[in-house]
Structures are given as C-alpha cells and as structure tokens.
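Here's the structure we're looking at; comments come further down.
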Amino acid sequence: MKTFLRRHRVLLGFLAIVLSIALTAGVCLYALVQTAAGSSRLTIVIDAGHGGIDGGVVGRTTGTKESDINLALSRALQTEFEEAGFLVVQTRPTEAGLYGAATAGYKKRDMKRRAEIIAESAPAAVISVHQNFFSLSSRRGAQVFFREDSSSSRTLACAIQTALNSMPECVRTSEALKGDYYVLNCSDYASVIVECGFLSNAEDEAMLVTEGYRQRLAETICAGTLAFLAAASSS
C-alpha cells in the first residue's frame, strides 16, 4: 500500500480535481482496476514517436533526440499502466524504427505498422508520445491533441491535458487541441498525441532529459487516462 501511494501520488491528487465525477469515479475506478487485473485486462497502446533514422526534433541545448526521450517516457508509462493492472502494447519498444529497410517510403511503412499494431491490440486508449519544437524559444509546456470528429479522443485528451495542467511544473495552462495526424486518424479507438514539452525551450528541455521529470509526466498521463476510463465506465 505504501508503494502504491508513493507511486500514484499524482493520480490521487488529480482525482481531487475531477470532483464533479468523484461520487461515482471512486467506485468506478476501483471496479475498473479490479476488472483490469482479471483475465480480460484492458489494453493500452503506447506509441513512442519516431525512431531509427527518424530522430524527430533535437534539443537546442543538449542535442538530445526526440526519439530517445519518447522511448524513455513510453517505458515509464508502461510501468505505470502495468502496475495499475493494464496490459500494455508498445508500438516501438526499442530505438529502431518500424519501417524495415531504410529505403524510400520508410516513413509511410513506419506509420502503417503502427496502425496495424493498434488494430491488432483493440485498445481502450492509444497514447502517442512526442516532443514539440517551435521557432520562438519562449514557447513551452505540454500539449495534447485529439481527432476532431472523435468524442472519445476529445474526452481522453481533455482528461490528460487537465492532469498535465495540474503539475507543479506547469507554467501555462493549455486546452486540448484538435489535430489532423495519421496516428489519430488510423483507427476509431480513443487516441491522443501528447507533446510533452518543447525541446526548443531551455527550461522544458532541461526537465525532459531527466528521469525524475519523465517519471512525473508518466504518472500524470496515466492519471488522466485512468480518470477518462473511470468516467467512461460509469456512463
């Protein structure tokens, strides 16, 4: 119990934020986790963006590749969800991309394979992990994107964004935004892209390259997802 409380302190704090559903969420979340611990566990797909020859954006200060941060954070997320009783499927469990040979059309093959993994997994939620970059270096903070015509994706994105906004490190609250991206459009499962921070911003980058901050992000994203699933199970 002490271990659970320590590792899920962000979840416990976030549940206080969603007080509007607290009368039912407490019971529903307990039932959800109990169901997940059984033989028919719910599946969460975690998609570490980029990989292989596609490193994504690069930190201005440290030169750290986005793909490396995405993978490290995705692994931390896997631990959080598995400890909560869920089955986790990683689209990209290693540093390699999913495109096979690094030849023409590799990006399309990479994205197609991610879509296949999502379809095969039939998940309760898809979380695609990315890092942001902007020409104006003062821009910072986490931002969640959803598919415009998917109510479940919108609700999931709002739950995760609210959780991220509650973090002590948050300097500017944001709203979840609609986004037209392949990983959001390739299925009808509740799917979001979480841009965890800006590698073009020195403060964000300094936090994102640390294991401690990535762990807090993982706890927070997991908390938002659990709140979404708890609310969905009560409707």
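General observations
- Inter-label distance, nm, simple model (7 Å from Cα along the C-beta direction), residue 95/residue 116: 2.5 nm
- Segment 194-199 - phi-based ³J(HN,Hα) in whole Hz, Karplus 6.51/-1.76/1.60, Gly and Pro as x: 10, 7, 7, x, 9, 6
- Taking label points 7 Å from Cα along the Cα-to-Cβ direction, residue 151 and residue 102 give a separation of 4.6 nm.
- Listed values for segment 85-90 are Karplus-derived 3J(HN,Hα) couplings in whole Hz (6.51 cos²θ - 1.76 cosθ + 1.60, θ = phi - 60°), namely x, 8, 8, 10, 10, 9, and x replaces Gly and Pro.
- Estimated from the Cβ-Cβ distance and a Förster radius of 22 angstrom, the FRET efficiency linking residue 135 and residue 171 is about 0.70.
- When peptides 127-134, 100-107, 189-196, 87-94 are sorted by average Cβ neighbour count within 10 Å, with the highest value leading, the order is 189-196, 127-134, 87-94, 100-107.
- Hz values of 3J(HN,Hα) by residue in segment 50-64 - Karplus curve (6.51, -1.76, 1.60), Gly and Pro given as x: 6, x, x, 6, 9, x, x, 6, 10, x, 5, 8, 9, x, 5
Here, each number is a calculation from the coordinates, and none is a lab measurement. These numbers come from a predicted model, not from an experiment. Every residue, glycine among them, receives a Cβ derived from its backbone with ideal geometry; neighbour counts consider all protein chains shown.
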